[in-house]
Amino acid sequence: METAALKAKAAQIRMDLLRMIHGAKTGHTGGSLSNADILTALYYRVMNIDPQNPKWEKRDRFIASKGHSVESLWCILADLGFFPKEELTTFSQFGTRLIGHPNNKVAGIEMNTGALGHGLAISVGMALASKRDASGYRVFCLMGDGEQAEGSVWEAAMAGAHYKLDNLVGIIDRNRLQISGSTEDVMGLDPLEDKWASFGWNVVSIDGNDMESLVEALDAVPSIANKPTLIMANTVKGKGVSFAENVPHWHHHVPSDEQLEMALSELTALMESHIQEGQVR
Amino acid sequence: MANKIPNRQVICDTLLDLAKGDRDIMVLASDSRGSAAMAPFADTYPEQFVEVGIAEQNIVGISAGLAHSGKKPFVTSPACFLSMRSIEQIKVDVAYSATNVKLIGISGGVSYGALGMSHHSVQDLAVMRAIPGLAVVLPADRHETKKMTEALVKHEGGAYIRIGRNPVEDVYDSDDYEFIIGKAVTMREGSDISIIAAGETVRVALDAEAELKEAGVSCRVINMHTIKPLDKEAIVKAARETGRIITVEEHSIHGGLGAAVAEVVVQEHPVPVKIVGIPDEPAIAGKTSEVFNHYGISADNIKKIALEMLGR
Ligand SMILES: Cc1ncc(C[n+]2csc(CCOP(=O)(O)OP(=O)(O)O)c2C)c(N)n1
Ligand SMILES: [Mg+2]
């Protein structure tokens with residue numbers, strides 16, 4: 001997909017996930033909105049995947065280490081046809097497969113996540129297997145910035161560099177918020193880029209809500225031989241919904257009927273402008 | 001349901017009260033002060049509050065160090081992560097080194113609902129009760145939570161406490177009763193059968209007792225709020241006097257309250273025991289009440305089991 005279409009798609013995914021969260025009356029709204037552009041770039045352009053053949057051996061792997069942002073993922077997988085879109089209405093309801101975290105009983109999900117700090121180690125294992133078997137697939141792992149406080153992240157960071165996994169891409173949704181407020185107040189992370197660089201990673205810092213930047217950075221990987229890549233995606237939590245942007249309690253706040261209406265009208269306008277942008281080109 | 005106050009809020013209120021006169025009381029959080037209802041404590045006593053970020057191993061290690069230096073740390077973190085991610089710190093830094101750390105597992109059992117198995121803590125009692133020297137306590141309602149928190153401040157040594165997320169119906173009329181860590185409370189006297197429960201399932205056991213009473217069954221209800229040290233005397237007495245026991249827990253049927261009771265019964269006074277809890281599978285997604293009903297953690301099912309055991 002071209003960038004204008006990707007932008008329109010991201011707006012659509014945001015609307016889908018807001019409707020789903022509103023319907024279920026539960027969900028992690030802020031983080032799903034902040035990483036919607038990253039996931040759209042990965043799933044509609046960058047990753048080699050086949051919704052008709054979800055277990056295709058050479059597929060690129062995606063691990064949602066920040067598993068709580070599963071809403072954006074469910075909406076994308078449904079949109080791509082991994083499972084019927086109607087199933088989205090069962091999100092978080094009694095007996096559902098579409099629970100509040102990734103569930104690998106559902107096609108398209110590799111691993112069950114939700115406990116933060118697991119995803120990167122799993123991704124190191126997958127990337128290592130890809131290397132040892134010369135399978136050629138890449139592994140993309142999306143982490144939260146609050147998640148960086150888990151020591152296991154850094155154990156995996158060390159291993160990724162040690163094994164020279166240039167087929168491994170860590171992405172940090174650097175929205176500078178976690179549940180209790182600013183990441184720098186809760187447990188300071190800066191200078192986060194320097195930390196990753198000192199662990200031996202190729203660090204690329206971008207605007208993680210800007211589709212051109214995302215496409216440029218993600219199209220380039222593996223970008224440096226023998227080094228894993230860390231994309232510091234500087235984002236806005238709640239992105240795309242004006243009144244949710246940068247507001248901590250939108251981490252798991254559920255939109256009211258009026259808020260949903262307002263958000264949908266903002267996003268519809270945005271989506272239409274991107275569709276036009278695509279036609280003008 | 002009348003009560004709107006969740007147990008987590010009661011712990012915060014009680015600690016706020018006690019911290020006034022005891023500057024060694026400390027509360028630690030792992031990006032969990034909101035879900036632990038501890039924001040008021042953090043705001044009132046910033047010098048007695050420590051935020052560690054999303055780092056459940058670190059929070060227990062730091063607490064052990066604080067305790068070794070004379071502080072009385074209360075760790076407040078989701079039960080699922082605290083009981084699993086931090087288990088080695090709990091075994092070695094708290095239990096083995098005998099530090100006075102209180103581990104409050106919040107949003108325990110299946111109270112995180114549709115967030116799935118990563119967020120359920122239904123193996124925590126099995127793990128915690130196997131660790132020497134650690135007390136394991138589950139309060140049944142807000143009154144018991146208050147009394148338990150007061151007892152914990154006086155208690156020397158490590159303890160793991162598990163509470164749920166949502167307000168629970170009262171099982172006591174007031175906090176005017178004796179609460180001792182390690183001593184069960186007989187909620188209803190009875191002679192035909194005993195139901196032993198802990199935490200939020202005490203309410204379910206009481207409802208079952210009411211139904212059984214109507215069916216002419218004299219049912220004892222024991223609130224085993226402390227899983228460790230276990231009140232063996234109360235269990236043996238129940239086995240001897242009522243001849244059959246049903247245990248009810250918001251936990252795997254393996255290794256929890258039922259297993260603890262059965263260990264005592266088979267060795268001290270063998271009688272039939274039925275264990276009601278979560279089966280050996282990732283618990284189904286849903287609200288606590290839906291999950292409980294699905295697995296027969298309900299008054300109806302307990303009544304049915306009791307009548308079967310009584311041959312009626
Ligand atoms: C091990 C673990 N500890 C705690 C949590 C609870 N939790 C879920 S989301 C979250 C905050 C995450 O913040 P961040 O990583 O910055 O993600 P984002 O801002 O993108 O939502 C926390 C503490 C968890 N899921 N796993
Ligand atoms: Mg964040």
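Measuring against 19 Å, Cα to Cα, the residue pairs B:Lys102/B:Lys232; B:Lys20/B:Lys72; A:Lys55/A:Lys227; A:Lys85/A:Lys105; B:Lys91/B:Lys232 contain B:Lys102/B:Lys232; A:Lys55/A:Lys227; B:Lys91/B:Lys232 as the ones spanning a longer distance.
Remark: the protein assembly as shown carries a charge dipole of roughly 1160 debye about the Cα centre, counting +1 on each Lys and Arg Cβ and -1 on each Asp and Glu Cβ. Using a Gaussian network model of chain A in which every pair of alpha carbons under 10 angstrom is joined by a spring, one finds that among A:Leu192, A:Leu42, A:Leu128 the greatest mean-square fluctuation is at A:Leu192. Expressed in Å, the radius of gyration and Dmax of the Cα atoms of chain A are 17.7, 53. In the full protein context, the protein assembly as shown carries 39 Å² of accessible surface per residue, based on a 1.4 Å probe and ignoring ligands, DNA and RNA. Each Cα pair of segment B:226-312 feeds into the Kirkwood radius, which the Stokes-Einstein equation turns, at 25 °C and 0.890 mPa s, into a diffusion coefficient of 179 µm²/s.
By how many degrees, between 0 and 90 and to the nearest 10, does the Cα long axis of helix B:7-19 differ from the longest principal axis of chain B? The helix B:7-19 is inclined about 50 degrees to chain B.
With respect to chain B, whose longest principal axis is taken over its alpha-carbon atoms, helix B:257-268 is tilted by about 60°. Distance between the pseudo-spin-label points of B:Glu189 and A:Gln279 (7 Å out from Cα toward the beta carbon): 8.4 nm.
Bridge orientation summary for segment B:2-146: considering DSSP beta bridges with both residues in this region, about 5 percent are antiparallel.
In chain B, helical runs assigned H by DSSP with n ≥ 4 each contribute -39500 (n - 2.57); averaged across all residues and rounded to the nearest 500, the mean residue ellipticity at 222 nm is -10500 deg cm²/dmol. When both segment B:18-84 and segment B:104-142 are represented by their alpha-carbon centers, they are found 17 Å apart. Axis of helix B:56-68 versus longest Cα principal axis of chain B: the two differ by about 70°, to the nearest ten degrees. Cα centroid separation, segment A:1-22 to segment A:67-90: 12 Å.
Take every DSSP beta bridge with both residues inside the protein assembly as shown and express the antiparallel ones as a percent of the total, to the nearest 5. Among the beta bridges of the protein assembly as shown, antiparallel pairing accounts for roughly 10 percent. Leaving out ligands, DNA and RNA, and with a 1.4 Å probe, what % of the accessible surface on the protein assembly as shown is carbon or sulfur? Roughly 51 percent, rounded to a whole number.
Reported to the nearest whole Å, the Cα centre-to-centre distance from segment B:178-248 to segment B:252-297 is 14. Sparsely packed loop sites in segment B:113-206 (the chymotrypsin sites (Phe, Trp or Tyr not before Pro) outside DSSP H, G, I, E and B with at most 15 other Cβ atoms within 10 Å) comprise B:Tyr177. FRET efficiency for the pair B:Asp24 and B:Ser218, taken as 1/(1 + (r/R0)^6) with r the Cβ-Cβ distance and R0 = 45 Å, rounds to 0.40. Counting only lysines at least 8 places from B:Lys303 when in the same chain, those with an alpha carbon closer than 19 Å to its own are B:Lys213, B:Lys274.
Rounded to the nearest 100 Å², what's the accessible area chains A and B bury against each other, both chains counted, probe 1.4 Å? Interface area, both chains combined: 1700 Å², rounded to the nearest 100.
The values are calculated or read from the model by the stated rules, or taken from the named source; none is laboratory data. The structure displayed is predicted, hence computed values, not measured ones. Cβ: placed from backbone, ideal geometry, glycine included. Neighbour counts: every protein chain shown. Just so you know, the surface numbers come from the protein's heavy atoms only, side chains and all, with ligands and any DNA or RNA stripped out. Shrake-Rupley method; radii C 1.70, N 1.55, O 1.52, S 1.80 Å.
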